[in-house]
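These notes are about the structure you will find just below.
The values are calculated or read from the model by the stated rules, or taken from the named source; none is laboratory data. What you see is a predicted model, and the numbers here were worked out from it, not measured in a lab. Positions of Cβ are backbone-derived with ideal geometry, glycine not excepted, and every protein chain shown enters the neighbour counts. Ligands, DNA and RNA are stripped out before the accessible areas are found, and what is left, the full protein with its side chains, is counted by its heavy atoms. Shrake-Rupley method; radii C 1.70, N 1.55, O 1.52, S 1.80 Å.
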Amino acid sequence: MPDPAPISLTSPLASIKGIGQRTADQLAALGLTNVGKLIAHIPLRHERHEAEANVRELLPGQIVSTRGEIVATRPTGSGRRARFEAVLMDPTGRLDLVWFNAPYMRDKVIPGMRVRVHGKAKSFGYGLQLTNPKLEPLRPEHAEPDRKDARIRPVYPASEEIDSPRIERAIDAVLSDALPQLEDHLPAEYRAARDLPELRDAYRMLHRPESMDEAARAVRRLAYDELLMLQVSVALKRAELRTRLRAPALPWSEKLDSHIRARFPFTLTDAQDEVIKEITADLSSPVPSNRLIQGDVGSGKTVVALYAMLLAVADAHQAALMAPTELLAEQHFASISRMLTGSRVRVALLTASITGDAREDLLLALRQGRIDLLIGTHALLTDQVEFKSLAVAVIDEQHRFGVHQRAALRSKGATSQGGPANVTPHVLVMTATPIPRTLAITIFGDLDVSTIRALPAGRKPIRSRVVQSPQRDEVYAFVDKRLEKGQQAYVVVPAIDAGEDASGADIRGVTDVLEQLTKGPLKSRRVEAVHGRLSQRERERIMQSFRDAKVDVLVATTVIEVGVDVPNAAMMVIEQADRFGLSQLHQLRGRVGRGAHESVCILIADPTTEEARARLAAIAATTDGFALAEKDFELRGMGELFGSRQSGAPAFRVVDLVRDRDLLAMARRDAMDLVAHSPTLDRPEESLLKRRVLKAHGQGLALGDVG
Ligand code: ADP
Ligand code: MG
């Protein structure tokens with residue numbers, strides 16, 4: 001017989017001795033189709049397994065491992081008490097096994113099979129019992145020696161068809177042949193300086209750690225790589241943006257400055273001035289800028305953006321402002337139009353509800369440069385929207401958009417007819433969901449960050465209280481008393497229609513809360529409802545009456561979460577507040593505290609989980625959006641915070657941003673240094689790193705992002 005072909009990283013798994021076709025198929029279903037992919041399968045965690053002992057040696061109260069033959073099984077009990085029992089024998093004695101709520105064990109545990117079990121032993125009658133033990137069949141063809149030493153075992157992401165121990169065996173079958181073929185993309189001194197193991201050692205320690213420390217070292221190395229690749233890709237793209245593309249350089253003068261400021265009905269705060277200084281420095285240069293303006297709710301980001309847009313208009317270019325909802329776009333349009341009344345600036349609004357001739361006229365005017373400042377929603381991104389010369393693009397509430405949308409808006413600079421293809425606008429993105437630093441540099445690593453650190457003077461702090469639903473009557477009696485004095489209130493409800501969630505718990509809806517309030521505690525008040533199902537016109541009509549104080553109470557869904565600005569509304573009641581995320585609660589609360597009245601936010605909640613209790617405690621304890629964002633991040637992690645993948649949060653294989661914050665800072669510094677010294681990574685010692693960066697991120701979000 002010829003020698004089997006040597007194992008390479010691209011060898012298909014079915015060709016490997018020790019991995020059969022069936023196993024190969026099951027691994028393929030997990031995306032593990034060749035040797036390289038198999039060894040890059042990252043364990044979820046590592047577990048310490050005790051040395052195996054004979055049944056007679058086991059002691060109650062200890063975590064134990066042993067092996068033997070299943071001699072009997074039976075399902076017993078019913079309903080909630082259903083369980084599955086088995087008896088294991090080895091030459092020294094008998095061990096009882098029991099699983100609760102695990103009907104599937106019946107197919108997995110069959111008399112006559114040899115197994116290894118792992119779990120906590122407790123006394124049971126005269127003998128010992130393991131409850132819900134881990135069980136691993138021992139196949140005769142894999143006569144494994146029993147483990148005399150404690151060891152660390154990886155726990156892999158698995159499937160119904162193939163469990164972690166079998167994945168472990170498959171990795172075993174290839175690991176020693178695969179490791180020597182792994183090439184490290186980091187030079188030895190570089191690794192040494194950062195205390196990172198060599199790549200092949202890292203993979204050995206990942207799959208076959210001799211200690212928990214080794215497992216942690218392996219994870220650290222691989223997490224570093226993942227972060228480094230992302231940060232390098234961001235740095236490369238940024239370098240490219242800065243060298244290849246050009247933005248209009250917008251001149252600044254004191255005269256222009258005072259012209260613009262004269263339009264604002266208030267004096268800018270020092271915090272706003274500082275950020276404006278940073279922005280004007282960016283804008284006066286032909287290097288396309290990409291700046292994130294973060295500032296807490298109500299810190300006054302809109303005028304800062306308007307300042308930048310007016311610099312574009314003053315130099316005969318155009319500017320665009322994109323908002324995540326029609327409501328917010330309309331509100332920006334109204335307030336900006338108000339500030340610009342009597343000026344020569346031509347402002348227009350474009351949303352999906354503007355259609356037909358009106359839309360055609362608007363698009364034509366935009367192409368011909370007869371519109372200076374365009375405000376709108378996602379509608380701005382459609383292909384028909386072409387600018388004559390877009391110099392400043394602003395995205396409000398950036399976290400509501402995906403990275404693709406930022407790139408799409410940026411590309412509007414080059415679509416103007418006749419213009420050179422390498423022209424792009426300056427981009428400003430604003431967020432009132434302060435982003436924890438960790439995330440800001442991961443997701444927005446390509447952005448410069450400006451922070452508006454203080455609210456306009458004269459704002460009274462918002463008092464927040466969490467109460468339980470039996471106090472609802474008191475809450476509305478209190479609200480009613482203040483309405484009497486001419487104040488206004490928001491009532492926020494989780495849904496439009498009442499219903500049930502997946503677990504059968506009641507969800508309150510705008511329509512029934514409206515009815516309840518108008519029949520009960522607020523019957524002498526003018527109460528209206530707004531939500532996403534109303535037509536734009538209807539919503540706008542109601543908002544306008546609320547602004548004009550013709551409506552006392554607005555019952556709403558989270559449509560009012562961003563941007564809504566009615567200074568006389570100094571009260572907010574949030575129904576079922578435990579159903580909202582922390583950042584969302586903070587955003588909602590930001591609707592009050594905008595005027596001279598002392599504001600209150602009352603959160604009605606009957607939290608059922610620890611996490612919900614922690615969230616409510618946090619919101620009651622602080623109004624600092626940055627502190628809350630960090631807390632939210634800790635409580636819920638990144639995925640939840642950003643809602644979905646498409647928001648641009650990268651999906652990591654190894655990295656855990658909460659755990660790996662320090663590593664992220666290091667990878668970011670390293671990536672910046674690398675690219676600063678070698679803007680295209682063309683030095684020979686960088687070629688492998690570059691290849692791997694391009695493979696991981698070449699077409700991915702991080703590179704598409706800033707383009
Ligand atoms: P956000 O940062 O949440 O988008 P806005 O730009 O909507 O905040 O501003 C919140 C409110 O504060 C608005 O009513 C705005 O007119 C007002 N405002 C902004 N800047 C100032 C200032 N310097 N002095 C007083 N009021 C201001
Ligand atoms: Mg805003």
Q: For helix 510-519, report the angle its Cα long axis makes with the longest principal axis of the Cα atoms of the chain; keep it between 0 and 90° and round to the nearest 10°.
A: 60 degrees
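Note down the magnitude of the dipole of the chain about its Cα centre, charges +1 on Lys and Arg C-beta and -1 on Asp and Glu C-beta and zero elsewhere, to the nearest 20 debye.
On the way: 96 positive and 92 negative charges, 153 e Å.
The dipole magnitude comes to about 740 debye.
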Q: Any chance you could look up the accessible area of ARG83 with a 1.4 Å probe, heavy atoms only, rounded to 10 Å²?
A: 70 Å²
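Given a cut-off of under 8 Å on Cα pairs at least six residues apart, what relative contact order in percent is computed for the chain?
Across the chain, relative contact order equals 13 percent.
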Q) Say the dipole of the chain comes from +1 at the beta carbon of Lys and Arg and -1 at that of Asp and Glu; which of ILE560, THR511, TYR224 then lies farthest toward its positive end? A) THR511
Q: Indicate, rounded to the nearest 5 percent, the antiparallel portion of the DSSP beta bridges found entirely in the chain.
A: 40 percent
Q. Could you sort SER450, SER343, SER503, SER284 by accessible area so the largest value comes first, with the probe set to 1.4 Å?
A. SER503, SER284, SER343, SER450
Q. Of LYS695, LYS108, which has the most accessible area with a 1.4 Å probe, and how do the rest follow in descending order?
A. LYS695, LYS108
Q.
What is the angle, in °, between the Cα long axis of helix 661-677 and the longest principal axis of the Cα atoms in the chain? Nearest 10 is fine, range 0 to 90.
A. 70 degrees
Q.
Restricting to Cα pairs below 8 Å that are 6+ residues apart, what does the relative contact order work out to for the range 462-622? Please round to a whole percent.
A. 31 percent
Q | Reachable lysines from LYS388, criterion Cα separation under 30 angstrom, eight or more residues apart if same chain | A | LYS237, LYS255, LYS277, LYS301, LYS412
Q) In degrees between 0 and 90, to the nearest 10, how far off the longest principal axis of the chain does helix 270-283 point, with axes built from Cα atoms? A) 80 degrees
Q.
Among VAL304, LEU236, ILE7, whose Cα projects farthest towards the positive end of the dipole of the chain, with charges put on the beta-carbon of Lys, Arg (+1) and Asp, Glu (-1)?
A. VAL304
Q: Net charge near PHE84: determine it from the other residues with C-beta under 15 Å of the C-beta of PHE84, scoring Lys and Arg +1 and Asp and Glu -1.
A: +4
Q: Give the accessible area for ARG659 in Å² (nearest 10); use a 1.4 Å probe, count only protein heavy atoms, and leave out ligands, DNA and RNA.
A: 130 Å²
Q. At a probe size of 1.4 Å, how large is the accessible area of GLU326, to the nearest 10 Å²?
A. 40 Å²
Q | Average Cα contact separation per residue, the range 51-149, under 8 Å, 6 or more apart, as relative contact order % | A | 30 percent
(Q) Projecting each Cα onto the charge dipole of the range 51-149 (Lys/Arg +1, Asp/Glu -1 at the beta carbon, about the Cα centre), which of ALA72, LEU138, MET113 comes out farthest on the positive side? (A) ALA72
**Q.** Size of electric dipole in the range 51-149: Cβ of Lys, Arg +1 and of Asp, Glu -1, about Cα centre, debye, nearest 20
**A.** 440 debye
Q) For the chain, what is the accessible area per residue in Å² when the probe is 1.4 Å? A) 46 Å²
Q | Proximal charge balance of PRO180 [Cβ under 14 Å; K/R count +1, D/E count -1] | A | -3
Q: Would you mind counting up the charge near TYR307? Only other residues with Cβ under 11 Å from its Cβ, with Lys and Arg at +1 and Asp and Glu at -1.
A: +2
(Q) Taking every pair of distinct Cα atoms and averaging 1/r, then inverting, what Kirkwood hydrodynamic radius in Å comes out for the chain? (A) 29.6 Å
